[in-house]
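The values are calculated or read from the model by the stated rules, or taken from the named source; none is laboratory data. Please read these numbers as outputs of a predicted model, since none were measured by experiment. As a convention, Cβ positions derive from the backbone with ideal geometry for all residues, glycine included, and neighbour counts pool all protein chains shown.
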Amino acid sequence: MTKIAVIGVGHMGKAMIEGFKKADNEIIAQNPVNPRVSRLAKELDFKLFNAINDLIAENPEIIILTTPAKVTLQVASQLRNTNEKTIIISAAAGVTYNDLKTQLPNQLLARIIPNTPVAVNQGTIGLYLPENISSQDHERITSFLKQLGDVIAVKEDQLSIVGTIAGCGPAFVDVFLDALGDSGVLNGLPRKLANNIASSMVKGAASLAYESKQAPSLLRDEVCSPGGTTIKGVTSLEKNGFRNAVIEAVNAANQN
């Protein structure tokens, strides 16, 4: 069991706490006084501190910053008295590794961009580690994060687009799921059943794509029989600009 400290219990902090709790870790957290977070601490059974120094005194093995980018460096500066063996991982977009290292020169640091499915240990986590990190520390951090889902190592300048695809993507998929549910209802299915079928289908299709490592176009071709119903549906998606809409959504979301 690892003692994990989460600083900043917003949507992402909550999701990560839920995932780490499911993996049987000891969780402590810090957040300014907030009734919502206090209720959440009771609900999820984790120790909550309002002062960072009180959290540091608990000597966590890993600290994860899920703070807003604009305050992350200020928060990091308050962690200078942390045990040098403690790993500090930042989930703040736009705060570079060098920015963090300036505040915490003696700590082992990592940057991640996770998404909300980490709450059910099915997340997609973009990970940046410096080139000079030891293989042992690299494996330790990667293995730790794998408790929350798939860990994908990338260059630091790729974290932004990784965060857009992995972080915004669930909302885009939710729009797709909602539309599939509507189509099911339109064709006679009860809403709950239609939504369950759509969710199960996306889960299975995504798992097949990830596990097989095949290009999505090849998987699509395996389903599209000549003159069949699926190719007719795919043709309709093309006619209505489905793929272009997805590309434009990612581009729009990735604008700084």
key: Qualifying residue in the range 120-137 (condition: within 30 Å of Ala206 (Cβ to Cβ) and in contact with an Asp or Glu (Cβ under 6 Å, 6 or more places away or on another chain))   = yes
Exclusive hit being touching a helix residue (DSSP H, G or I) at 6+ places or on another chain (Cβ under 7 Å) and among the aliphatic types (A, V, I, L, M), set Leu145, Leu65 = Leu65
remark   = The correct count of residues that are surrounded by fewer than 11 Cβ atoms within 10 Å (Cβ to Cβ) and small (Gly, Ala, Ser) in the range 229-253 is 2
query = Using beta carbons and a limit of 8 Å, which pairs, at least six apart or on different chains, have the first residue in the range 93-109 and over 12 Å from Leu79 (Cα atoms) and the second one among the basic types (Lys, Arg) and crowded, with 17+ Cβ neighbours inside 10 Å?
reply = Val95/Arg111; Thr96/Arg111; Tyr97/Arg111
Tally, over the range 100-141, of residues that are part of a strand (DSSP E or B) and closer than 16 Å to Lys85 by Cα = 3
ask   = Can you spot a residue in the range 174-186 that is surrounded by 11 or more Cβ atoms within 10 Å (Cβ to Cβ), at pLDDT 95 or above and either farther than 22 Å from Arg243 by Cα or of a type in the set (Lys, Arg) (or both)?
value = yes
remark   = Taking the range 24-52 and the residues there that are among the small types (Gly, Ala, Ser) and over 19 Å from Asn81 (Cβ atoms), the one that is farthest from the chain's Cα centre (by Cα) would be Ser38
note = The lone condition Leu48 fails out of (1) in a strand (DSSP E or B); (2) out of contact with any strand residue (DSSP E or B) (no Cβ under 7 Å at 6 or more places or on another chain) is (2)
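When residues of the range 12-43 are filtered for being in a helix (DSSP H, G or I) and surrounded by fewer than 16 Cβ atoms within 10 Å (Cβ to Cβ), how many remain?
At the first step, the residues of the range 12-43 found to be in a helix (DSSP H, G or I) are 12-22, 35-43.
The next check asks that each one be surrounded by fewer than 16 Cβ atoms within 10 Å (Cβ to Cβ); those that pass are 22, 35-36, 38-39, 42-43.
The number of residues fulfilling the criteria is 7.
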key: Flag for Glu211 being farther than 26 Å from Ile112 by Cβ and not in a loop (DSSP other than H, G, I, E, B)   = no
